[in-house]
Amino acid sequence: MTKLQWPGPVFNFTEGAFMSIQAPASASTSVQHAVQMLDQAHALSRASSLVSTVLGADDVQAASAVQEIRIARSRAAGVRVVGRKIGLVGNEADQACMRAKPVCGTLLAEMEGLDGATLVPNWAFAPRVEGKLAFVLGRDLSVGFATLADLVRAVEFVLPAAEVTESRMAGQTLTEVDLIADNAGAAMFVLGATPRKLEQLDLKLCGLTIERNGEPAGFGTGIQAYGHPLNALHWLARHCAAGGQQLLAGDIVLAPALGPAVAVAPGDDLLIEIGGLGSIAFHLSDNK
């Protein structure tokens, strides 16, 4: 891989501007405590202890409340929600045969970086890079119990995508509760500019290659995204409907990673290639 030059804009997402808005008084003490733990991690750029220790190891509802409070603050500050991301809790084998547990996070407009640009992760939170597919919806998914046919009709096109994930509880073994509260690790994402129709792609077998500084660093296929990327979208549509929400026309949905996440370091150049969809490249800078 030829050494790339990075003259473009620098993208750096931070939630610091939103932290002056407090958790609502109606939230439980444990939920308010978990929100404060994640806020303090951001303020100090220092990983928090596991929020599952205060929410409970199995309290998914409380974890969702933490995520919702933090996203609501972003909305109150004028930040636009642009879609969802899907992550998986489980090993590689589980992810490929739908035994993994899906979790979802919320994508904000300010999280987007551009192909060819420089991204600035928070290095205190152990960023990693994943190659993904992005579904862009052309119509609302307003039905309460979406079928696969509903999804195929709703997807307007597919884009290649990369996500930079971060953990506000880095260095520890995260549970489903921790991941949900932490917005599924959402930090930054980059979309390619080569839209493809579903019928032009074999999503189950499309191949992923990630190069780091010109060297192969990760591989995968669509089958690792919950057996098939559309399976994950199917889960998300029903999950949202069960919570009284819906996916809307224009929403971006990042499917689960097509392969293992790649650890990165300041100064790395990343190239993500997805069969049938094209490639994305970007540079990772430090926080200075």
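The values are calculated or read from the model by the stated rules, or taken from the named source; none is laboratory data. Note that the structure is a prediction, hence the values are computed from the model and not measured. When we count neighbours, we look across all protein chains shown, and the Cβ atoms used for this are built from the backbone with ideal geometry, even at glycine. What goes into the accessible areas is simple: the full protein's heavy atoms, side chains included, and nothing from ligands, DNA or RNA. Shrake-Rupley method; radii C 1.70, N 1.55, O 1.52, S 1.80 Å.
Structure notes:
- Scanning the stretch 202-216 for residues that are open to solvent by less than 40 Å² (accessible area, probe 1.4 Å), in a loop (DSSP other than H, G, I, E, B) and more than 20 Å from CYS104 (Cβ to Cβ) gives CYS206, GLY214.
- Only listed residue being at positive phi, touching a strand residue (DSSP E or B) at 6+ places or on another chain (Cβ under 6 Å) and surrounded by 16 or more Cβ atoms within 10 Å (Cβ to Cβ), chosen from GLY113, GLY87, GLY105, GLY83: GLY83
- Among residues of the stretch 217-230 being closer than 18 Å to GLY83 by Cβ and of a type outside the set (A, V, I, L, M, F, W, C), the one that is most open to solvent (accessible area, probe 1.4 Å) is TYR226.
- In the stretch 45-55 there is no residue matching the filter, namely being of a type in the set (A, V, I, L, M, F, W, C) and in a strand (DSSP E or B).
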